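*Asks:* The following block contains the structure, expressed as structure tokens.
The values are calculated or read from the model by the stated rules, or taken from the named source; none is laboratory data. Computed from a predicted model, the values in this text were never measured in an experiment. Cβ atoms come from the backbone with ideal geometry, glycine included; neighbour counts cover every protein chain shown. Just the protein is used for accessible areas: all its heavy atoms, side chains included, with ligands, DNA and RNA removed. Shrake-Rupley method; radii C 1.70, N 1.55, O 1.52, S 1.80 Å.
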Amino acid sequence: MIARFSALVALVALASGTTPREPHRPAGGTISGKVTFTGTPPKAKPIDMSKEPNCVTQHPTPVTTEDAVTGPGNSVRYVVVYIAAGDQGAAPATDTVRYDQKGCQYIPHVAAMQVHQPLTIYNDDPHSHNIHPLARVNAEWNKSQPKGAPPIRTAWDEPEFIALKCNVHPWMHGYFAVLSTPHFAVTDSSGAFSLSGLPPGKYTVTAWHERFGTQSLEVTIAGSETKPANFVLTARPY
Amino acid sequence: MTHTTAHPPAHAQRQSFLRKHVFSVDHKVIGRQYLDLALVAVVTGMVLSWLMRFHLGWPDTPVPLLGKLAPTGAAGGVMTPEYYLELMTMHGTIMVFFVLTTAPFAGFGNYFLPIHVGAEDMAFPRINMMSFWVTLLAFLVLVAAFFVGDGPPLSGWTAYAPLSAVGKDAGPGQGSGQTLWAISIGIFCIAQLLGSLNFIATTLDLRTKGMSLARLPYATWAWFVTAVIALVAFAVLLPACILLILDRVAGTSFFIPGGLVISDRLQPHMGGSPLLWQHLFWFFGHPEVYVAILPGFGIISQILPVFARKPLLGPRVFIACLVAIAFLSYTVWGHHMFLSGMNPFSATLFSVPTLVITIPAAIITLLWIGTVYGARLRLTSASLFALGFVSVFVSGGISGFFLAQPSTDIYLHGTYFVVAHFHFVMGVAAMFGIFAGTYFWFPKMFGRMMSETLGKWHFWLTFIGVYCIFMPMHYLGLAGNVRRYSAFTDDYLQPLIPLHRFITIAALFTGAVQLIFLFNLIRSRLRGPKAADNPWEATTLEWSTSSPPPHDNFGGRRPTVAYGPNEYGVAGPAGRDYVMQAAAQ
Amino acid sequence: MGRLFAVVVTVIALVSAAIFALHVWWLPPDISAHGSRIDRQLNETMVTAGILFVAAQLALGLFVWRFDVRDGMPPRAVKTFPGGVTPLVVLAILFVGIEILVLTFVGSKVWASVYQTPAPAEALQIEVEAEQFAFYFRYAGPDGKFGTMHPDLMNDATQNFFGLDPANDTTARDDIVVGTLVIPVNQPIDLRLHAKDVNHSFYVPELRIQQDFVPGMVIPLHFTATQTGKYELVCTQLCGLGHYNMRAYIEVKTPADFAQWLKAQAATS
């Protein structure tokens, strides 16, 4: 709980951009790397979906919890890596982030997006879900999305890591990482990430994980180069 | 006999339009205002029930226009589960408070109680006016919940804590909507307290010469007893609502225990008791059932003899039973809580008076049926609805046997059996009382007759319709169908969905039939044939004055009463078979 | 018109009663040790109530038929009810009174056997946590001890539905938490009902059992299932938007199957 919200403190509010960001900046530097852990991570627990038989049948092999997904070489999945400081401002992103509820799971588990970026939430299941973002900085809401209802179109106004739950299916758990920077990535199953298109400058790069906390590194980009940034987070078994 | 020549008192002329029709202290205007409010409320409540029933039959089918009316609650016209519960909560609250309490008690009572006792007005006319406007304010505050934040509350008309007390974390509608609900009901309590005091004072102090308690018309007896019940019941609900509001806005913990985790958040409360709310609410709630139905008892007992052309059987027994019900109504609230987690020993204790209360109720029913025996029955819209009242009251009352016993309540509690029971016994029966009263008193109130043809069509279709809606709900309950579900996803409920669709069709049909009543009401008010002073040949004082009565009810002279209200089937003056209460001795 | 009323009331009464009597819709088969007594009580009430219902409706219909004044009928005097009001009052007090005595006497025994008798000592203890909008069940695990519940540790995201503290509380580490209530047949089950947030209710129609969960209270509930199979446990106390979907399955297994299931669960947790 504490770790989850301490990330908020690390977020730096940025001055609003004066020059509009071009959608696909061709040149610029890249920061890429890998997130790993030390210590003992919690065991992934099987999820008991028995109250919703629809969802049980959608998963031939039982699904496990995604709040701490680790892989070979102690890699950590679903870590949000972003520019916490040094960014030169950005225009709001206009491409829509798609978020799905399918088989009583949130897909992807962590969705990163920019402030004011359009977000569309779909219910792909043949039954109702409710989406309850437990926002504290932004306005909290809690809406059901029954079968046949249109997708929910929304956006977030303030940077925040927002835990997401479905009260109807208490095991459903995800995160919206709402960031003021346009430079962010979520680590893949090998723990790898890459932030590209960075203009020259000095950056604070932060990695955030819902259970393993945050860590920041300073990286300076001089031109069209790729700089490494590797994070080692501390895991606890419980 | 005080006959009807209107001597309009001088001051009636001098009043401005606003003073005469809007902010009037005349009990008749106030009574009509209550009835108009109840009409608006009942139409609202009925539309909500249509939407709910449609959703229960066809949960995934979009309702045209609903998506535009409720873009959050029913995006694309498909109702969300929370929107269903919000409609359900508003339906229950509007119907119980603003229809079933407002129309038969405050509405008809206000209009006719002072006339029945031979008074010019209520004991406290200004307080009477105030109680109406406070009721209207309560209604507006409640309806405002539709337009705030995330919508109206979803915790049902019973507003069980902690769901109703913890605020937004508990879900949509539990924010400002629930606060407005509690404020509205608190305001409503104040209005009822004022109104009840007025009813009691008027009945005791303003009776005209000769109007002993034994000569009071039965409707007035019922309104009087109801006022006594309401005075005690609403006096408990008011502080309960205040405590609920404090829990919600001031951070107190009257109804919220410690250690609650709602939506993954530990709640900052400790030491409260959810059962406390249930006790307070049902201490009000069960007497409230009688507030809704006892005026119906009185109206039926007054109407049946008129159309049977014979006296009510056992009038003293009837009044004794009314009083017995009033006393017992305060001892039975725990039967709503058999399975609530209260001490199981107390279940038996609450069960016995609950079963005992069926004795006076059964006696009254037998009195009505016995009154029909040997009658010269005139079947009009009013008497048909009165007879229909007896039928639906029997149907609803008898299912109470199952719910009054803890051992059978184990199975039936929280199912549609309960929904069937209380809709029959307090919803449909009370509505039939309102309909009977409307057809009976409309000529007096507006000086015009209602269409009997339309009235009878209205009766037959409604009578059959309500049985098609509510009788199958008993079967649903026996099959274990849980109430307050917005859709039926459980495996064992799937075979019951066709029955739900049947009920939905019956409900939409019966609802549409009420348009006949509405049409009859409006058309008769504008161009119904002129009503005589006493079109039904009834005995009570309202029929001794003009239709509608003059401002001070009796045109400047108060009637003297020499007879009881029950003088039917007798050799009266001028070959009549009845003697009016105000007839000369 | 009086005849029409009589016919309509009679048809309504008889059709309604027939649907009850023919069990067109009825309770699901009882699978509990105590349920047959509830069913008997319900049946007895049904018979008495049914007789009262049909009799009252038919009497009403009959009198309306008989005493309606139709056009062209010669005028006649009204008659009072034979014997007046006294026999009616006596009849109601005697008939309903005796019925009440019988129902209370028999019914309170049925009630007491379910709610006022503690569970037998050999009963299997299971903890139940109800929350918006699911039930979770906890078995003590191989050590036979339940770990302590800490509300501040409850978190759906980490599947810590009971607020266990395995880091510090060793008895909590082997607790088995599942979303299906699995029980052995013919063995008394002793549940402890916990509500995490608001009121809920435990209702299994086949088990003839229902009990509210109340926040701040731990409520015991015991029963014995007598038939194996899969049943549904549903919530009957309005708890919020997902109330309609708040359910869990109950699997009643043979003792051998149950032991095997428990062992498999202990191995994975």
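*Asks:* Give me the distance between the Cα centres of the stretch C:130-172 and the stretch B:545-585, rounded to whole Å.
*Replies:* Rounded to whole Å, the Cα centres lie 76 Å apart.
*Asks:* With every protein chain kept in place and ligands, DNA and RNA left out, what is the accessible area per residue of chain B? Probe 1.4 Å, answer in Å².
*Replies:* Values: 17300 Å² over 585 residues.
Here the residues of chain B average 30 Å² of exposed surface.
*Asks:* Hey, another quick one. Ordering C:Asp71, C:Asp169 from largest to smallest accessible area (1.4 angstrom probe), what's the sequence? Can you show the working numbers first?
*Replies:* Details: C:Asp71 160, C:Asp169 25 Å².
The ranking, largest first, comes out as C:Asp71, C:Asp169.
*Asks:* Separate question: Could you please put A:His116, A:His183 in sequence from largest to smallest accessible area, using a 1.4 Å probe? Working shown, then result.
*Replies:* Details: A:His116 100, A:His183 25 Å².
Heavy-atom accessible area, descending, gives A:His116, A:His183.
*Asks:* Provide Rg over Rh for the stretch B:488-536; use the alpha carbon set for both Rg and the Kirkwood Rh (inverse mean inverse pair distance).
*Replies:* Over the Cα atoms of the stretch B:488-536, Rg/Rh equals 1.41.
*Asks:* If I model a spin label at B:Leu461 and C:Gln260 as a point 7 Å from the Cα along the Cα→Cβ vector, what separation in nanometres do I get?
*Replies:* 6.3
*Asks:* While we're looking at this one, here's another question. Wrap a convex hull around the Cα atoms of chain B, take a quarter of its surface area, and give that in square nanometres.
*Replies:* Values: hull surface 104.5 nm².
Its average projected convex-hull area is 26.1 nm².
*Asks:* Sticking with this one: What residues from the stretch B:458-478 fall in the zone where the backbone N is under 19 Å from a label point 7 Å along the Cα-to-C-beta line of C:Trp26?
*Replies:* B:472-478, by backbone N distance to the label point.
*Asks:* Over the Cα atoms of the stretch C:1-153, Rg to Rh with Kirkwood Rh, two decimal places?
*Replies:* On the way: Rg = 26.4 Å, Rh = 21.5 Å.
A ratio of 1.23.
*Asks:* Let me ask you something else. Roughly speaking, to the nearest percent, how much of chain B's 1.4 Å accessible area is carbon and sulfur?
*Replies:* Values: 12170 of 17300 Å².
Answer for chain B is 70 percent, counting heavy atoms of protein chains only.
*Asks:* Given only helices, namely DSSP H runs of n ≥ 4 each adding -39500 (n - 2.57), what is the per-residue ellipticity at 222 nm of the protein assembly as shown, to the nearest 500 deg cm²/dmol?
*Replies:* Roughly -14000 deg cm²/dmol at 222 nm, from the helical runs in the protein assembly as shown.
*Asks:* Ok, one more. Compute the Cα gyration tensor for the stretch A:98-185, then decide on rounded, prolate or oblate, letting a ≥ b ≥ c be the square roots of its eigenvalues: rounded whenever a/c is under 1.5, prolate when a/b is larger than b/c in the other cases, and oblate in all that remain.
*Replies:* On the way: a/c = 1.79, a/b = 1.71, b/c = 1.05.
It is prolate, given that a/c is not under 1.5 and a/b is the larger ratio.
*Asks:* For C:Phe258, tell me the accessible area in Å² from a 1.4 Å probe, rounded to the nearest 10.
*Replies:* Answer for C:Phe258: close to 20 Å² accessible.
*Asks:* I would also like to ask the following. Between beta-carbons, use under 10 Å as the cut-off and find the net charge around A:Asn130, counting Lys and Arg +1, Asp and Glu -1. If you can, show how the numbers build up before the last one.
*Replies:* Details: positive: A:Lys143, A:Lys165; negative: B:Glu82.
Taking every other residue near A:Asn130 into account, the sum is +1.
*Asks:* Still on this structure, please answer the following. Could you work out the mean count of beta carbons from other protein chains within 10 Å of each residue's beta carbon in B:264-277? Before the final figure, lay out each step's value.
*Replies:* Details: counts 15, 5, 7, 3, 0, 2, 1, 1, 2, 4, 8, 5, 0, 1.
That works out to 4 on average.
*Asks:* Still on this structure, please answer the following. Using a probe radius of 1.4 Å on protein heavy atoms only, what is the accessible area buried between chains B and A, both sides summed, to the nearest 100 Å²?
*Replies:* For B against A, buried area totals roughly 1300 Å².
*Asks:* What order do B:Trp223, C:Trp65, B:Trp282 take when sorted by accessible area (1.4 Å probe), most exposed first?
*Replies:* C:Trp65, B:Trp282, B:Trp223
*Asks:* Moving on to the next point. Using r as the Cβ-Cβ distance of C:Leu62 and C:Phe95, and R0 as 22 Å, what FRET efficiency do you calculate, to the nearest 0.05? If you can, show how the numbers build up before the last one.
*Replies:* Working: r = 19 Å, r/R0 = 0.87.
With R0 = 22 Å, the Cβ-Cβ based efficiency is 0.70.
*Asks:* Can you give me the solvent accessible area of C:Arg66 with a 1.4 Å probe, rounded to the nearest 10 Å²?
*Replies:* In the full protein context, C:Arg66 sits at about 120 Å².
*Asks:* If contacts are Cα pairs under 8 angstrom and at least 6 residues apart, what is the relative contact order of chain A in percent? Each step should come with its number before you reach the end.
*Replies:* Details: 578 pairs, mean separation 75.7, N = 238.
Dividing the mean separation by the residue count of chain A yields 32 percent.
*Asks:* Using a ≥ b ≥ c from the Cα gyration tensor of the protein assembly as shown (square roots of the eigenvalues), is it rounded, prolate or oblate, where a/c under 1.5 gives rounded and otherwise the larger of a/b and b/c decides, a/b for prolate?
*Replies:* Working: a/c = 2.71, a/b = 1.83, b/c = 1.49.
Cα axes put the protein assembly as shown in the prolate bin.
*Asks:* Hey, how much of the P(r) for the stretch A:2-235 falls beyond 24 Å, as a percent of Cα pairs? It would help to have the intermediate numbers written out before the result.
*Replies:* Details: 12694 of 27261 pairs.
Of all Cα-Cα pairs in the stretch A:2-235, 47 percent lie more than 24 Å apart.
*Asks:* Rounded to the nearest Å, what's the spacing between the alpha carbon centres of the stretch B:384-447 and the stretch C:1-52? Just the number, please.
*Replies:* If we compute the Cα centre of each part, the gap is 18 Å.
*Asks:* Oh, and also: State the Kirkwood hydrodynamic radius of the stretch B:118-205 in Å, one decimal place, computed from all pairs of distinct Cα atoms. Don't skip to the end; give the middle numbers.
*Replies:* Numbers: mean 1/r = 0.0700 Å⁻¹.
About 14.3 Å for the stretch B:118-205.
*Asks:* Something else: Once a ≥ b ≥ c are taken as the square roots of the eigenvalues of the Cα gyration tensor of the stretch C:187-248, is the result rounded (a/c under 1.5), prolate (a/b larger than b/c) or oblate (a/b not larger than b/c)? The partial results should precede the final answer.
*Replies:* Working: a/c = 2.76, a/b = 1.37, b/c = 2.01.
The shape class here is oblate.
*Asks:* Same structure again: Can you figure out the FRET efficiency of B:Val148 with B:Gln15, using R₀ = 35 Å and their beta-carbon distance, to the nearest 0.05?
*Replies:* It comes out at approximately 0.40.
*Asks:* For the stretch C:124-268, report the translational diffusion coefficient in µm²/s to the nearest whole number, using Stokes-Einstein at 4 °C, 1.567 mPa s, and a Kirkwood Rh over Cα pairs.
*Replies:* On the way: Rh = 15.4 Å.
For the chosen part, D equals 84 µm²/s.
*Asks:* Given labels modelled 7 Å from the Cα in the Cβ direction, how far is it in nm from B:Val43 to C:Ala77?
*Replies:* Reported label-point gap for B:Val43 and C:Ala77 is 5.1 nm.
*Asks:* Right, next: Take the Cβ-Cβ distance between C:Asp143 and B:Leu515 as r, set R0 to 45 Å, and report the resulting FRET efficiency rounded to the nearest 0.05. Before the final figure, lay out the partial values.
*Replies:* Values: r = 68 Å, r/R0 = 1.52.
Computed FRET efficiency for C:Asp143 and B:Leu515: 0.05.
*Asks:* Could I ask something else about it? Which value, in debye to the nearest 20, describes the size of the charge dipole of the protein assembly as shown about its Cα centre when Lys and Arg Cβ atoms bear +1, Asp and Glu Cβ atoms bear -1, and nothing else is charged?
*Replies:* Working: 69 positive and 65 negative charges, 740 e Å.
Computed about the Cα centre, the dipole is about 3560 debye.
*Asks:* Still on this structure: What is the Cα centroid distance between the stretch B:241-289 and the stretch B:129-193, reported in whole angstrom?
*Replies:* Using only Cα atoms to place each centre, the spacing works out to 15 Å.
*Asks:* With both bridge residues required to lie in chain C, what share of the DSSP beta bridges run antiparallel, to the nearest 5%? Let's see the in-between values first.
*Replies:* Working: 28 of 39 bridges.
Once the DSSP bridges in chain C are tallied, antiparallel ones form about 70 percent.
*Asks:* Could you check the spin-label model distance between C:Phe105 and A:Ala85? Points 7 Å from the Cα along Cα→Cβ, value in nm.
*Replies:* 8.5
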